[in-house]
Amino acid sequence: MPSLISIAAPQVDEFITSPKKLKAAAIRHSRNSRLWRRIQSTTLWLFLIVSFTLLTMIKSVVIWHPGNLLKNPCQTVRTIYGIHRRLITENLNLDPASHRRPQQQLPLMILPLKPHELPKNLSDSEREFWKQPNDLGYRPCLEISKEYAQASSAIIRQRRKYLMVVVNGGLNQQRNQIVDAVLIARILEAALVIPVLQVNQIWGDESEFSEIFDVEHFKRILRDDIRIVSSLPSTHVVARPAVESNMPLHASPDWIKSHYTRKLRRDGVLLLRGMDSRLSHDLPSDLQKLKCKAAFHALRFAPSLQALGEKLARRMWEEGPFVALHLRLEKDVWVRTGCLPGLSAELDEEIRIARIKSPQLLTSRSNMTFEERRKQGLCPLTAHEIARTLRALGANSRTRVFWAGGEAFGGSKSLEPLRAEFPLLYDKFSIAEPWEMEPFREKASSLAAIDYIITLNSDVFIPSHGGNMGHALRGHRAYVGHRKYITPQKRDLIQLFLNSSSMREEEINDEIKRLHSEANGRPQLRMEKPTRDVLGYPVPECMCRSSRTWHAVV
């Protein structure tokens, strides 16, 4: 039997004596050498980049939290890991759970600070108060249909039709109308001119769009859906554009097309006024997603406002968990709701006189008395009623409370019941330096924007009355992870307070807890009630179940 060597020898000789095979081997060797050197070089550069990044993050931790590195090294490591993980997931848009690219990249969104972890020394009542609702895994998802995407290319290219809008009211009322304007522009396949903010009659705020919102961000986020311009082109400037101010309530996309398309094609410009709460809430899925995109992604506040709001929010957050209240105690709120503050006979009479002078301000049900309105839950909760509710739900004198809202009618007297129960009571002016608030002191919309940013970052939020801000925060807090939102059950609360004289304190507390056991910001389907707006209830059109994590790294 021949040996392996004897069999292989002729093959080796042939290989050595063949110039072609020798040349091929030399080429392969050269390629392998270059590939190996390239791998080595790439590996070295990756090592240097990762090392530099880690050193930079460690340096930032040492600079901003010099005590943490030695006091709590484990937390420092977790912080560095979190920053590294966020860099990967945000910059590469990877799903940290599956390490796969999602089907569609979500537009940029400013995330609030994450809710605090609960300390171990809390009572059961306190723990229940701060506990976040189960979000059931719902996360933002705005995947559009193929038909919507195909239609977009023609819509954003067209240069013949322009929609102008004038929006009125307070900040959050204006936000709703701006979002509706985006949808109407899409429905009419028109370019949207940056909306005009009408001077607020109550507060006299003359701010322009660019003073409240980030114009370039607004354009950039929506550039794949509609074309947005800062002003009309010279070819479309007309003395009197077609003005429409009679849009009915719950106007459908079909109604908008049938009533406005012909005028828009004829004149090239359409001006809309009086748009508040006019667009239907029952919209096709793609338009619902556009609505969420416009409200939660595109309408970012102007850089100066956003920076100050985030700075003040972090000051509150760094001291521990806090609850935010939206108190509706302003004079105009008492006048419009037909209610009385109950602070004194003189102040109640002042509200009655103001209502007689301006009867058009009364929003609805003018035939009802104040007592009837209060029993029906149509009046804002007073500071005393809010304090009583907070205490029953588990808050105590150590609870830090931030209150948002305008100047309370009656001054500090109207807040005394709340401050007596919760001495750690703050507003935007008390947590800011005087010079920080000076540029915005006389601008109601800017102050409301700062309130909005701080309350969005709170662990718990409670509005004392319905309204545009409470509605906006309900949806926004849901969209960023279903942060706790307690909806006061006002009708039942008032009945309880009126009939509680014979009840023990524990019985009252138990009943208040029972009333609010489900009103905690948990996921709720918009379709459960046909009148619900997707901006208040973004599930399921704008949110779906996913493993993606949206909390910011602190």
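The values are calculated or read from the model by the stated rules, or taken from the named source; none is laboratory data. Note that the structure is predicted; figures quoted are calculated from it, not measured. Neighbour counts run over all protein chains shown; Cβ positions are idealised from the backbone, glycine included. The accessibility values were calculated without ligands, DNA or RNA, using every heavy atom of the protein model including side chains. Shrake-Rupley method; radii C 1.70, N 1.55, O 1.52, S 1.80 Å.
A compact table of results
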| quantity | calculated |
| --- | --- |
| The listed residue being among the aromatic types (F, W, Y) and free of Cβ contacts under 8 Å to residues at least 24 places away in the same chain, out of F461, F429 | F429 |
| Meets criteria (part of a loop (DSSP other than H, G, I, E, B), within 16 Å of I226 (Cβ to Cβ) and not aliphatic (A, V, I, L, M)) for R160 | yes |
| Residue match in region 147-159 (condition: surrounded by fewer than 18 Cβ atoms within 10 Å (Cβ to Cβ), of a type in the set (D, E, K, R) and modelled with pLDDT of 95 or more) | yes |
| So P248, is it in contact (Cβ under 8 Å) with a residue 40 or more places away in the chain and surrounded by fewer than 16 Cβ atoms within 10 Å (Cβ to Cβ) | no |
| Scope region 479-509; condition without any contact (Cβ under 8 Å) to a residue 40 or more places away in the chain and over 23 Å from M469 (Cα atoms); matching residues | L496, N499, S500, S501, S502, M503, R504, E505, E506, E507 |
| In region 460-470, residue modelled with the lowest pLDDT [restricted to those that are surrounded by fewer than 24 Cβ atoms within 10 Å (Cβ to Cβ) and touching a strand residue (DSSP E or B) at 6+ places or on another chain (Cβ under 9 Å)] | G467 |
| Only one of V179, V238, V199 that is surrounded by fewer than 19 Cβ atoms within 10 Å (Cβ to Cβ), touching a Leu at 6+ places or on another chain (Cβ under 9 Å) and of a type in the set (A, V, I, L, M) | V238 |
| The one condition in (1) over 19 Å from the mean Cα position of the chain (by Cα); (2) open to solvent by less than 40 Å² (accessible area, probe 1.4 Å); (3) more than 21 Å from W334 (Cα to Cα) that N457 fails to fulfil | (1) |
| Filter result for D224 (assigned to a loop (DSSP other than H, G, I, E, B) and surrounded by fewer than 17 Cβ atoms within 10 Å (Cβ to Cβ)) | yes |
| Odd one out for E436, checked against (1) over 25 Å from the mean Cα position of the chain (by Cα); (2) surrounded by 12 or more Cβ atoms within 10 Å (Cβ to Cβ); (3) among the acidic types (D, E) | (1) |
| Given (1) touching a Leu at 6+ places or on another chain (Cβ under 6 Å); (2) open to solvent by less than 70 Å² (accessible area, probe 1.4 Å), index of the condition V243 fails | (2) |
| One residue from T455, T531 being within 23 Å of L390 (Cβ to Cβ) and among the hydroxyl-bearing types (S, T, Y) | T455 |
| Selected residue (criterion: modelled with the lowest pLDDT) from residues of region 361-374 that are assigned to a loop (DSSP other than H, G, I, E, B), open to solvent by less than 70 Å² (accessible area, probe 1.4 Å) and not β-branched (V, I, T) | S364 |
| Qualifying residues in region 484-501 (those that are in a helix (DSSP H, G or I) and of a type in the set (A, V, I, L, M, F, W, C)) - the one most open to solvent (accessible area, probe 1.4 Å) | L498 |
| Selection count where residues are out of contact with any strand residue (DSSP E or B) (no Cβ under 8 Å at 6 or more places or on another chain) and open to solvent by less than 80 Å² (accessible area, probe 1.4 Å), scope region 413-430 | 6 |
| Candidates I110, I178, filtered to the one that is at pLDDT 95 or above and among the aliphatic types (A, V, I, L, M) | I178 |
| Listing of helices (runs of 4 or more DSSP H) fully contained in region 375-483 that carry 1 or more residues being farther than 23 Å from I178 by Cα | 383-393, 416-421, 428-431, 434-437 |
| Subset of region 152-183 that is of a type in the set (G, A, S) and either in contact (Cβ under 8 Å) with a residue 12 or more places away in the chain or in contact with a Cys (Cβ under 9 Å, 6 or more places away or on another chain) (or both) - its residue that is farthest from F213 (Cα to Cα) | A154 |
